[in-house]
Amino acid sequence: MNNFTYFDHAATTSVDPKVFEAMKFYFSEKYGNASSIHSFGQEANRAVDNARETVSKYLGCDSEEIIFTSGATESNNLCLKGIVEKSEIEKPHIIISKIEHHCVLETVEYLEKKGKIEATYLNVDKEGIVNTKDVQSSLKENTILVSIMYANNEVGTIQPIKKIGKLLEKINESRKNKIYFHTDAVQAIGYLDCNVQSLGVDLLSLSAHKFYGPKGIGVLFVRKETKIAPLHHGGAHEFGLRAGTLNVPLIVGLGVAIELLQTKEYKNNLKNISSLRDKLITEILRKIPQTTLNGSRENRVPGNANFRFKNIEGESILLGLDFEGIYTSTGSACASGSLKPSHVLLALGIPQEEAHGSLRITLGKDNTKEDINKILKVLPKIVKNLRKISPLK
C-alpha cells in the first residue's frame, strides 16, 4: 500500500499489473528479434502484429497505418519534420496553436529558424480553445500541415478537432496540394473519442505511459498516401518510416494498455474520476479565497484540474504538498526545470505574475475519495501559510 497520494497522472501513470505481466514474457522468455526469419523471431513478430492490430482497431484504421515510435515526442517530430522533408513546396507553411506541447512548438520553431518553413501560431481564447475560423483564415496556398493538440496537457482543454477536420476536408476538395491534419492526442487517449475517421485527421500521436503502459513507446498514425519522410535510416522497419530494432516488450505493453482502456471496468472508472475531479474543483474554489480555475470548467478532460492562487508561487505549494506526501505539478513535466511561467497560461491571457501561481492536479484510475479529502484538508492550510509570508501581496 502506497503511503503517498499521486495526483500527477498527466505527467505519467503507473504501469498496470496486467501490462507488466504481459511484457515480462518478452524480456526473458521470447526475446527474439522481431525481424529475424527463424521461428523464435517470428513469435516476437506475431506479438508485434497483435499489438499493432489492437491499436489500429482502437483508432479505427488499418494496421499498416500504425508506426511504433519511442513516444509522442518522436511521433510529433516524425510528423512535422517528415511532412516538411517530403513536401515539394519550396517553403511550406505550417499552422499550430500557441498552447501546443513543447515538442511541437520547439520543432516548428527549429524548422522556422532554419528557413525550411513559415509558421502561424494561433491564439486561443481565455479558456484555451482554438477558433476554427482562425484556422480557416490562416490557410495559405503553401499550407501543408495543421497541427492542433486534442487535449491540452496543462489545463486539460479539449479542442474542436472534429470541426477542424471537417473544415480541412472540405477545403482539400478544391486544392492542388493537400493540407494534412495532425493531432497530438497524448492527453486524450482513454478519455475522448480517438477514432481517426470521425476526427478527420491524417496523423495522430500517442504515448503509452499516459494510459498505464510503459515509458519509451508510442505511436504515430499515418494515413495511407500521406507523403512523409523517415527521421531514422538504416532499415525497412515500420513500413520504411522508422528504422531500428523493434522494442517488442514495450510494444506488447502498449497493446495490452490499449485493450484495458476498452474494458467495462475502466469505462466505469472514468465516471468516478470525473466525479472526484468535480468535487475537487468545487471544494478548492469554495475553501480557498482568491483562487481561479485555469481553462474551461466543462470542456476539459475528466482527470484535469488546474488552479492559480493569487500572491503565491505554485512551486512553493507543490513543495508543501510534497512534504505531506501529495504529488502534483505546476505544469508540463517537460518544462518542470524552467523558471519561466507556463506558455499555456500566458496564451490564455493570464498575467505573468499570476501564471507563476499555478498548480496542476491530475487524477487517475486509482485515486479515491480519501485522496481528495486528504488534499482538501492539507492544501488550504499550505496556501494560507504561504500567503502570510508572501512578498507578493
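The values are calculated or read from the model by the stated rules, or taken from the named source; none is laboratory data. Quantities reported herein were computed from a predicted structural model and do not represent experimental measurements. Note that each Cβ is placed from the backbone with ideal geometry, even for glycine, and that neighbours are counted across all protein chains shown.
Table for the structure above
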{"item": "Residue in the stretch 347-357 that is under 20 Å from the mean Cα position of the chain (by Cα) and closer than 30 Å to I161 by Cβ present", "result": "yes"}
{"item": "Some residue of the stretch 52-61 being surrounded by 22 or more Cβ atoms within 10 Å (Cβ to Cβ), among the charged types (D, E, K, R) and touching a strand residue (DSSP E or B) at 6+ places or on another chain (Cβ under 6 Å)", "result": "yes"}
{"item": "Qualifying residue in the stretch 64-79 (condition: farther than 22 Å from M23 by Cα, among the aliphatic types (A, V, I, L, M) and either surrounded by fewer than 22 Cβ atoms within 10 Å (Cβ to Cβ) or modelled with pLDDT of 95 or more (or both))", "result": "yes"}
{"item": "Qualifying residue in the stretch 139-159 (condition: polar (S, T, N, Q), in contact with a Leu (Cβ under 8 Å, 6 or more places away or on another chain) and within 30 Å of E265 (Cβ to Cβ))", "result": "no"}
{"item": "Odd one out for K170, checked against (1) touching a residue at least 24 places away in the same chain (Cβ under 8 Å); (2) outside any loop (DSSP other than H, G, I, E, B)", "result": "(1)"}
{"item": "Matching residues, the stretch 251-265, being touching a residue at least 24 places away in the same chain (Cβ under 8 Å) and more than 24 Å from V48 (Cα to Cα)", "result": "none"}
{"item": "Residues satisfying the stated conditions in the stretch 219-241, i.e. under 16 Å from D49 (Cα atoms) and of a type in the set (D, E, K, R)", "result": "E238"}
{"item": "Some residue of the stretch 128-146 being of a type in the set (V, I, T), surrounded by fewer than 23 Cβ atoms within 10 Å (Cβ to Cβ) and closer than 23 Å to N294 by Cα", "result": "yes"}
{"item": "L392, sole failed condition from (1) of a type in the set (A, V, I, L, M); (2) more than 17 Å from E127 (Cα to Cα); (3) in a helix (DSSP H, G or I)", "result": "(3)"}
{"item": "All positions within the stretch 101-138 that are out of contact with any strand residue (DSSP E or B) (no Cβ under 6 Å at 6 or more places or on another chain), closer than 17 Å to L168 by Cβ and either free of Cβ contacts under 8 Å to residues at least 12 places away in the same chain or charged (D, E, K, R) (or both)", "result": "N131, K133, S137"}
{"item": "Answer residue from the stretch 229-249, given it is touching a residue at least 24 places away in the same chain (Cβ under 8 Å), closer than 20 Å to L80 by Cβ and of a type in the set (A, V, I, L, M) and is surrounded by the most Cβ atoms within 10 Å (Cβ to Cβ) among those", "result": "L241"}
{"item": "Any hit, the stretch 37-51, residues being among the β-branched types (V, I, T), at negative phi and surrounded by 15 or more Cβ atoms within 10 Å (Cβ to Cβ)", "result": "yes"}
{"item": "Neighbours by Cβ (under 7 Å, 6+ apart or cross-chain): first from the stretch 202-228, at positive phi; second at pLDDT 95 or above and outside any loop (DSSP other than H, G, I, E, B)", "result": "Y212/V19; Y212/A257; Y212/L260; G216/L250"}
{"item": "Test for E118: is it acidic (D, E) and within 19 Å of the chain's Cα centre (by Cα)", "result": "no"}
{"item": "Pick from the stretch 92-121, criterion hydrophobic (A, V, I, L, M, F, W, C) and over 24 Å from K176 (Cβ atoms), ranking: surrounded by the fewest Cβ atoms within 10 Å (Cβ to Cβ)", "result": "L105"}
{"item": "Lone unmet requirement of (1) under 28 Å from Y266 (Cβ atoms); (2) hydrophobic (A, V, I, L, M, F, W, C); (3) without any contact (Cβ under 8 Å) to a residue 24 or more places away in the chain for L376", "result": "(3)"}
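Quick grid of which residues meet (1) among the aliphatic types (A, V, I, L, M); (2) within 28 Å of V19 (Cα to Cα):
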| site | (1), (2) |
| --- | --- |
| K162 | no, no |
| G165 | no, no |
| C194 | no, yes |
| V201 | yes, no |
| L204 | yes, yes |
| R223 | no, yes |
| T226 | no, no |
